[in-house]
Ligand code: HEC
């Protein structure tokens, strides 16, 4: 009879260890994370993926906006680094619509105040696409975030 007791205990232990291993295997696997999605500001170089868009944005900015705008300083037009956090510009599409037809937003007090301050209306860019403005604003906010004070 003694032998049966040992056999039952052995089977019991075996079952418990199998369950333990299964549970560990389920919860202990390291998830595969694309390192490019793991970028945290200030820790490493930013993801290479955005480079294309950013460089396109930079050249568009230099070609069409830099004569009046700097990222950090007010020139003929306002510094652009605050635009990303400005609740008036809900998204880049609104900026694009404004650039295509600056008069379209002229009725808003925010724009009226800007015009008073900068003593000018905006040049129209009738051909500028949503994508181009997106890339310009990506470049602007990227460089604004990277600045080391
Ligand atoms: C000829 C000068 C000039 C050029 C070129 C120019 N801007 Fe402007 N920009 C201004 C002025 C002046 C204002 C102030 C608002 C106004 O007058 O409508 C302004 C305002 C803005 C604003 C709103 C800023 C804020 O603080 O809310 C954005 C965004 C902007 N410009 C983006 C651009 C982009 C992007 C380009 C290039 C595609 C560009 N601008 C080219 C003169 C210019």
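Each reported figure results from applying straightforward, stated rules to the coordinates on display, with no laboratory input. For clarity, every value in this text was computed on a predicted model and none was experimentally measured. Cβ: placed from backbone, ideal geometry, glycine included. Neighbour counts: every protein chain shown.
Given the conditions (1) in contact (Cβ under 8 Å) with a residue 24 or more places away in the chain; (2) surrounded by 15 or more Cβ atoms within 10 Å (Cβ to Cβ); (3) within 11 Å of the ligand (Cβ to nearest atom), which single one is not true for residue 69?
All conditions are met except number (1).
Go through the range 80-110 and give me each residue that's surrounded by 15 or more Cβ atoms within 10 Å (Cβ to Cβ) and either near the ligand (Cβ under 6 Å from one of its atoms) or in a loop (DSSP other than H, G, I, E, B) (or both).
80, 81, 83, 89, 95, 99, 102
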